[in-house]
1. Would you mind computing, in nm to one decimal, how far apart the modelled labels at GLU14 and ALA351 are, each placed 7 Å from Cα along Cα→Cβ?
2. Sort the following peptides by mean Cβ neighbour count (other Cβ atoms within 10 Å, averaged over residues), highest first: 132-142, 483-493, 510-520.
3. Of LYS174/LYS258; LYS129/LYS303; LYS665/LYS699, which pairs sit farther than 18 Å apart, going by alpha carbon to alpha carbon?
4. Between ALA25 and LEU551, what's the calculated FRET efficiency when r is the beta-carbon distance and R0 is 30 Å? Round to 0.05.
5. Tell me the label-point distance for the pair SER93, SER231, using the 7 Å Cα-to-Cβ offset, in nm and rounded to one decimal.
6. Please give the FRET efficiency for THR622 paired with THR440, using the beta carbon to beta carbon distance and R0 = 25 Å, rounded to the nearest 0.05.
7. Identify all lysines with a Cα-Cα distance to LYS418 below 22 Å; exclude those on the same chain that are fewer than 8 residues away in sequence.
8. By average Cβ neighbour count within 10 Å, what is the ranking of 5-12, 218-225, 707-714 from highest down?
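The values are calculated or read from the model by the stated rules, or taken from the named source; none is laboratory data. Quick caveat, the model's predicted, so the values are computed rather than measured. Every residue, glycine among them, receives a Cβ derived from its backbone with ideal geometry; neighbour counts consider all protein chains shown. Surface areas here come from the heavy atoms of the whole protein model, side chains and all, with no ligands, DNA or RNA. Shrake-Rupley method; radii C 1.70, N 1.55, O 1.52, S 1.80 Å.
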Amino acid sequence: MSETSKPVEKLTVEDAAQELARLAAEIAEHDRRYHGEDAPTISDAEYDALRIRNAEIEAQFPDLVRQDSPTGSVGAPPAEGFAKVRHAVPMLSLAKAYTDQDVVDFLERAKRFFERDKDFDIAFTAEPKIDGLSASLRYENGVFVQGATRGDGTVGEDITANLKTIADIPHRLKGSGWPEAIEIRGEVYMTYAEFQALKERSAAMGGQDYVNPRNTAAGSLRQKDPAVTASRNLKFFAYAWGYTTEDPAPTQYDSVQKFAEWGFKISPLMVRAKSVDELIAQYKLIEAQRSSLGYDIDGVVYKVDQLELQRRWGFVTGEPRWAIAHKFPAEQATTRVRKIDIQVGRTGTLAPVARLDPVTVGGVTVVNVTLHNEDYIKGLDSNGQPIREGNDIRIGDTVVIQRAGDVIPQIVSVVIDKRPPEAEPYQFPHTCPICGSPATREVNEKTGKEDSRRRCTGELICPAQAVEALRHFVSRGAMDIEGLGAENIDLFFNAGLLKTAADVFRLKDRRAEVQQALFERREAQAREREAAKGTARKKVLSAEERTYEGLDKLFAAIDARREPELDRFIFALGIRHIGDTTAALLARTFSTVEEFIRVGKETAAAEDPHTVFPSINGIGDTVIGALIDFFGNERNDAVLDELLEQVHPKPYVVNISAGSTVAGKTVVFTGSLEKMSRGEAKAMAERLGAKVAGSVSAKTDLVVAGPGAGSKLKQAAELGIEVIDEDQWFERIGQGN
Ligand code: IVH
């Protein structure tokens, strides 16, 4: 790392210039390794130290700030799109509450979780949920160095230059006492007044129409030219933070007050409260002011106030347990069902979609709405109980739709009085509309109940399924192959260049055909454009123009993913019921692809799968059943073999969080714990990368025993397994006092 550790005040101008040059190169190289190759060679803390040093020198020697400065304040924007930014701490979403009872339940859960603290005192904050876009703003030594969109929560886009045009975002923090490095998080939004003004300006110039303030704010943030963003007068409220070198304050409320001292706008409607009644009172107050705020809000967010309690309660997948969004009731509108289309998904599910007369609900035009499945159309839930007024949905029906829980529109009722006399009950197809194979409803062996979804039995002979499987395979959360989006997959599939996942990696052997397919599409698009303009197409592309310059890039992007992380690879296979979280659990359990396949096949062949498949917390019979289906199908054997000739998934390495000595260990908690509940202990251990087991076996690494521990203690002694008490546990994980 840095050979110069002279204090910044002691640097000469020459020293400083030299060091800034070296830091720019070094940081750029680490960025490349981190983002380009996913293979960082230094820790986050070391990386931070480099950036902080750079920012300190720049602050001392403003004249020396380089064109290629890593702070991004002068650097040129990337040529294409925006650079990716990996959030040091993921940007989460929030669990939702729709009724007062949901809020009561939230507080009950909190109480239950902290049951062991007899005299603890829990408080909450309540504040508006702003309907905009979240952004993460990184400050180093008080200087705004990088701003990013939420993206998928893990990786966002670098929109620093655009965020810098927002007046509510300080370029330098005011006051003092800010952490050395902190990611301030909050919401970028557009006021109604700005939205209206923009609409009018645009209409006057014959420009595009804007749908709603939120989408417009999103579009404004993704402008190539920051001057355009600046003209939109976006606003920002700070309400949370991600990575930080120290807590802003001991509570949520006081931390956000600090943000105000540092120069941010914070919501004037944020309060601290102690009871359900107080929280609901604030909800009512905010709801009453909703229409006069001048910007969209869609609910009220409650958060546990004490940061210490937030940390103890922790997270479930993608959501903090310690916060919840209490949504305002959804808005409704009435429209007509024009027709019902059936789409076929990746796993062969026949998904009915109603095509509607366009209608505006809550500021968004809705033309499609999912009808979920056959029973839903009939107006029945999975237990055969009626789900809506006015029973079944027919083509020609007038329906009431609403946008609930964010953006997904739903049909809430059918207006029977307006049903045309000739409207017949909808006949759900029993064959796949794409490949003609029978579409059946599976019967769950255990419950004897029919699956609510009808599925095409054609599997990979069904083009819809094959194409969807390929799209999924290359998608962002899966193999993440840049430049090979859904459009190109469709193109190559239709050109016969892609059938299975392995073909993706053999595309470059068919370079000429790939080029031809891309060329034909380009020609077709050009013809369409000409036709639209009403002019005849004059010239044919020359041979040079025919060489598709993106091709080498595409092949390089494909090659770059030949050694995927194991969890991504498992997820990419598109096995039913195996989402990214489950894929990660499987990867963590089996470590290598060979072991995963071996256990999968043995499980599929076993009479009783449970004698083979290990018990994994979070993986139940549905997933095991899906693995059995997958590995029990010979066709998949061939697909996998071929694929593994092309790609070599990296063994899964547990991410050992700093200071965590229990990562990768199997821990058993026994006896009565006094400082934490059992649920809390488990959550804490899992957060640190440990596996928590219910019983002691040869695989156990550590037993944490409270008073009254019995047989498990004896077993541990017999097996020679280390036993520690609760205090030692806290010391071990670096939280002892
Ligand atoms: S807190 C760890 N507070 O809601 C908690 N989020 O559904 C992170 N949002 O992506 C979020 N207003 O874009 C929080 N006062 C508020 C919010 C808020 C709006 C958005 C945010 C987030 C989404 C989660």
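1. About 6.6 nm, to one decimal.
2. Descending mean neighbour count gives 132-142, 483-493, 510-520.
3. Over 18 Å Cα-Cα: none of the listed pairs.
4. So, using R0 = 30 Å, E works out to roughly 0.45.
5. A separation of 3.4 nm, rounded to one decimal place.
6. It comes to 0.85.
7. Cross-link targets: LYS339, LYS378.
8. Going by the mean number of other Cβ atoms within 10 Å, highest first, we get 218-225, 707-714, 5-12.
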